[in-house]
Amino acid sequence: MGETLSAGALKVQEALRTFGLTTQVIHMPQTTRTAQEAAQTIGCSVSQIVKSILFKGTASGKPILVLASGVNRVSERIIVELVGEPIAKADAEFVREQSGFAIGGVPPLAHRVTPRTFIDRDLFQYEEAWAAAGSPFEVFRVTAPELAQMTGGEVIKVHD
């Protein structure tokens, strides 16, 4: 875990400091690309993994970020009702263009374009959660209230 952080992770670390958070980005020895891989590598439950899922408003073209517990499947119907337009799952190009990060390492903050953000209320039941920090090998410990603070996200029920 003494690896040098990637440029993306350094950007995330700086953004965390900006919010006054002292949590450290950690380079992991194995990939944390999926919620299952992240939980195994970190040694926590899949439900404590924060999945950063980017959608695209099909009318506006704007990014919509859903921060979901690793065990929950996001209901696109719920998101559509909240944003008032149809959405599509973002492709790799849109994700990189809007967030500045590749799928599998998208953090909840430090995006190129600030997305409208929704936070899974189920994350609030855990003392700590883990989020991607810019690459498939870098993560940081976070609490749900900190996620809300750093993203300005709306806390919702993300699944049916």
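Residue under question is Phe19, and the condition is that it be out of contact with any Asp or Glu (no Cβ under 6 Å at 6 or more places or on another chain), more than 21 Å from Arg141 (Cα to Cα) and among the aromatic types (Phe, Trp, Tyr); does it hold?
Criteria not met by Phe19.
Taking the condition of being closer than 21 Å to Leu147 by Cα and either part of a loop (DSSP other than H, G, I, E, B) or within 15 Å of the chain's Cα centre (by Cα) (or both), how many residues in the range 1-27 meet it?
Residues flagged as closer than 21 Å to Leu147 by Cα and either part of a loop (DSSP other than H, G, I, E, B) or within 15 Å of the chain's Cα centre (by Cα) (or both) within the range 1-27 amount to 14.
Give the residues of the range 111-160 that are touching a strand residue (DSSP E or B) at 6+ places or on another chain (Cβ under 7 Å) and acidic (Asp, Glu), sorted by residue number.
Once the filter is applied, which keeps residues that are touching a strand residue (DSSP E or B) at 6+ places or on another chain (Cβ under 7 Å) and acidic (Asp, Glu), the range 111-160 yields Asp120, Asp122, Glu128, Glu138, Glu154.
Looking at (1) touching a strand residue (DSSP E or B) at 6+ places or on another chain (Cβ under 6 Å); (2) aliphatic (A, V, I, L, M); (3) at pLDDT below 95, can you tell me which one Ile103 breaks?
Every condition holds for Ile103 apart from (1).
Hey, among the residues in the range 123-160 that are farther than 20 Å from Ser99 by Cβ and of a type in the set (A, V, I, L, M, F, W, C), which one's surrounded by the fewest Cβ atoms within 10 Å (Cβ to Cβ)?
Among them, the one singled out is Phe124.
Just name the residue that is modelled with the highest pLDDT out of those in the range 62-100 that are in a strand (DSSP E or B) and surrounded by fewer than 17 Cβ atoms within 10 Å (Cβ to Cβ).
The selected residue is Ala88.
The values are calculated or read from the model by the stated rules, or taken from the named source; none is laboratory data. Small disclaimer: the values here were computed from a predicted structure and weren't measured. Here the Cβ is made from the backbone with ideal geometry for all residues, glycine too, and neighbour counts use every protein chain on show.
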